[in-house]
Amino acid sequence: MGAVEPASADTPVTYTNEGRALFRFAVPDFWMLRTGGPREIEDTKLGDARAVARVMGMRPVTDDNVWMGFVSPTGVATIQDGIRYLEDVDKFLVKEPTINSTSNTRIGGLPAQVFRGTGSRDGRGVNFTATVIDLPGNRVVIAIAILRDGADPAYADDLNAVFASFRSLQ
């Protein structure tokens, strides 16, 4: 008899756009998922409205020190476009971000670029990871993970498991 794998009851979630499935990932047990539909937000400095695609965000049920979100914005077709998109929205995610490392990798078999850094959010220090995953068909996925200072480091295992579960549906 071989080694017994632990049972996994993580919940699979599919990200869709206009009725088309783009990708899926698994939400860890005891995490909650919140979805938002497409909307416009106003840039308070520039006074112009910007379209924001559906954001799927999740965090542990009993701890708001960790958050992870996925978005696949329309019209963002390449990793370079995704990086420019991140530069536009970073002020909404992390204040005064400092990039500590950048790496190229593969997630779900697809090319991805990962940025790790620090900054602040709601007056508290954070570590963040921003990832741009190149989907087939002129789309990207942007994933952001934020851990506030003092967050349980074991949450990194949950975040890594989410990335390990990621699969393109195109």
Report, by residue number, each residue of region 119-133 that is under 16 Å from the mean Cα position of the chain (by Cα) and open to solvent by less than 50 Å² (accessible area, probe 1.4 Å). 126, 128, 129, 130, 131, 132, 133
Could you identify the single residue in 65, 104 that is more than 28 Å from residue 30 (Cα to Cα) and among the polar types (S, T, N, Q)? 104
What residue, of 103, 168, 72, is modelled with pLDDT of 95 or more and open to solvent by less than 40 Å² (accessible area, probe 1.4 Å)? 168
Cβ-Cβ under 6 Å, sequence separation 6+ or interchain: first residue in region 141-166 and hydroxyl-bearing (Ser, Thr, Tyr), partner open to solvent by less than 40 Å² (accessible area, probe 1.4 Å). Which pairs? 155/66; 165/25; 165/26
Answer residue from region 68-111, given it is touching a residue at least 40 places away in the same chain (Cβ under 8 Å) and in a strand (DSSP E or B) and is farthest from residue 161 (Cα to Cα) among those: 71
Within region 84-96, track down each residue that is farther than 21 Å from residue 125 by Cβ and surrounded by fewer than 18 Cβ atoms within 10 Å (Cβ to Cβ). 84, 87, 88
Kindly evaluate residue 62 against the criterion of being assigned to a loop (DSSP other than H, G, I, E, B), of a type in the set (Val, Ile, Thr), open to solvent by 30 Å² or more (accessible area, probe 1.4 Å) and modelled with pLDDT of 90 or more. yes
Hey, could you check region 134-165 for residues that are of a type in the set (A, V, I, L, M, F, W, C) and in contact with a Pro (Cβ under 9 Å, 6 or more places away or on another chain) and say which is surrounded by the fewest Cβ atoms within 10 Å (Cβ to Cβ)? 161
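The values are calculated or read from the model by the stated rules, or taken from the named source; none is laboratory data. Keep in mind that this is a model prediction, so the values were computed, not measured. Every residue, glycine among them, receives a Cβ derived from its backbone with ideal geometry; neighbour counts consider all protein chains shown. Ligands, DNA and RNA are stripped out before the accessible areas are found, and what is left, the full protein with its side chains, is counted by its heavy atoms. Shrake-Rupley method; radii C 1.70, N 1.55, O 1.52, S 1.80 Å.
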